[in-house]
1. Can you give the FRET efficiency to the nearest 0.05 for residue 67 and residue 181, using r as the Cβ-Cβ distance and R₀ = 35 Å?
2. Quick check: pseudo-label points 7 Å beyond the Cα along Cα→Cβ at residue 86 and residue 169, how many nm apart are they?
3. Per-residue counts of other Cβ atoms within 10 Å, averaged by peptide: what ranking do you get for 82-89, 24-31, highest first?
4. Within a Cβ distance under 12 Å of residue 55, other residues only, what is the Lys/Arg minus Asp/Glu net charge?
Amino acid sequence: MTTFDGRLPAGSNTGRFCYDADTDTWEWDDKVYAIHGLEPGSVTPTFDLILRSKHPDDRERVRMLLKEVLQTSMSCSLTYRLVREDGSERRVVLVGESTVADSGTTFEGFYLDLTPEFEEETEDATRVAFESLEQRAVIEQAKGILMLVYGIDERAAFAMLRWWSRNRNTKVRELAQRLVTTVAEGQIVQVDAKTSVDALLHDITTD
């Protein structure tokens, strides 16, 4: 089984998954179960369960992505609403990489629960509005980088910045400046930009 190249972000709301298409077997760590509102090992993850857990308005989009991922070796990321067993919603980003080979097809990666960051976006947006024009600009640039690399919308990009800020105890504008500066210096040169940015965010927020 292949190993996902991206580094797993630290934090209680991040969990790893692995899917073996040949045996139709999903493996979740305890944190992925928690994100879904389930006790570890209480259910056997299946495609049906995974699709049922998606918000009805997001379900088909997720299904089509998974279908594509399992046909071609590729990396992907997707933001969507996850409906837990108790009916509550979470806003998550799924980041993964598939390997399609003669030896079999695997899909591995991690879930990143950004719900707290989405809930606090109004407060943070107000705070950002009072920042200087220069500081607001660098945050917008950082959001643009994440939107381009991960294929997510503006709200999810800001929530991701908030998540890294919270979990690494780094101010949003400082994190944004370091990300923009590093990208501008040409340090992202790998073909797989997502993997590169995963590693970059890990590095620039680790002292």
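Rule-based calculations on the coordinates, nothing more; no lab input. Quick caveat, the model's predicted, so the values are computed rather than measured. A quick note on method: Cβ atoms are made from the backbone with ideal geometry, for glycine too, and the neighbour counts reach across all protein chains shown.
1. Values: r = 38 Å, r/R0 = 1.10.
With R0 = 35 Å, the Cβ-Cβ based efficiency is 0.35.
2. 3.0
3. Packing proxy ranking, top to bottom: 24-31, 82-89.
4. Values: positive: 52, 54, 59, 61, 81, 84, 90, 91; negative: 57, 58, 60, 89.
Its environment carries a net charge of +4.
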